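A quick write-up on the structure given underneath.
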Amino acid sequence: MAKVTAMDVYKLLPQTNCEDCGEASCMAFATKLSEKEADLTLCTELSDKKFKKT
C-alpha cells in the first residue's frame with residue numbers, strides 16, 4: 001500500500017492558508033495530517049455547511 005504524502009493531502013484541502021488550524025499554511029497542515037500529528041476537524045474551511053449540496 002502506498003503511503004499518502006503531504007502533497008496528496010494538500011490537493012484535497014481548500015488551500016486558503018487561513019491559519020485557523022494553527023498552522024502557517026495549508027501545506028504545513030497537510031504535512032501534519034500525513035504524519036498523523038493533526039486532526040482534519042481543525043480545518044474550519046472543511047465544515048459541513050460549506051460542502052452541503054443545495
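The values are calculated or read from the model by the stated rules, or taken from the named source; none is laboratory data. As the structure is a computational prediction, the values presented were derived from the model and not from experiment. So basically every Cβ, Gly included, is an ideal-geometry build from the backbone, and we count neighbours across all protein chains shown. The protein model used for the area step is the full one, side chains on, heavy atoms only, and it has no ligands, DNA or RNA in it. Shrake-Rupley method; radii C 1.70, N 1.55, O 1.52, S 1.80 Å.
In the full protein context, the chain carries 81 Å² of accessible surface per residue, based on a 1.4 Å probe and ignoring ligands, DNA and RNA.
Looking at the chain, how many pairs of lysines come closer than 17 Å at the Cα, when each pair is eight or more places apart or spans two chains? Walk me through the numbers on the way to the answer.
Details: LYS3/LYS11; LYS3/LYS32; LYS3/LYS36; LYS11/LYS32; LYS11/LYS36.
Here the count comes out as 5.
Tally Lys/Arg at +1 and Asp/Glu at -1 over every other residue whose Cβ is under 12 Å from the Cβ of ALA28; what's the total? Walk me through the numbers before you get to the answer.
Numbers: positive: LYS32; negative: GLU19, GLU23, GLU35, GLU37.
With Lys, Arg at +1 and Asp, Glu at -1, the neighbours total -3.
Atom-type composition of the exposed protein surface of the chain places 55 percent of the accessible area on carbon and sulfur (1.4 angstrom probe).
If you look at the Cα atoms of the chain, you get an Rg and a Dmax of 11.4, 36 Å.
Once the chain from ASP20 to SER47 is taken as fully extended at 0.36 nm per residue, the excess over their C-alpha distance is 8.5 nm.
With charges only on Cβ, +1 for K and R and -1 for D and E, what is the dipole size of the chain about its Cα centre, in debye, rounded to 20? Don't skip to the end; give the middle numbers.
Values: 8 positive and 9 negative charges, 69 e Å.
Dipole about the Cα centre, nearest 20: 340 debye.
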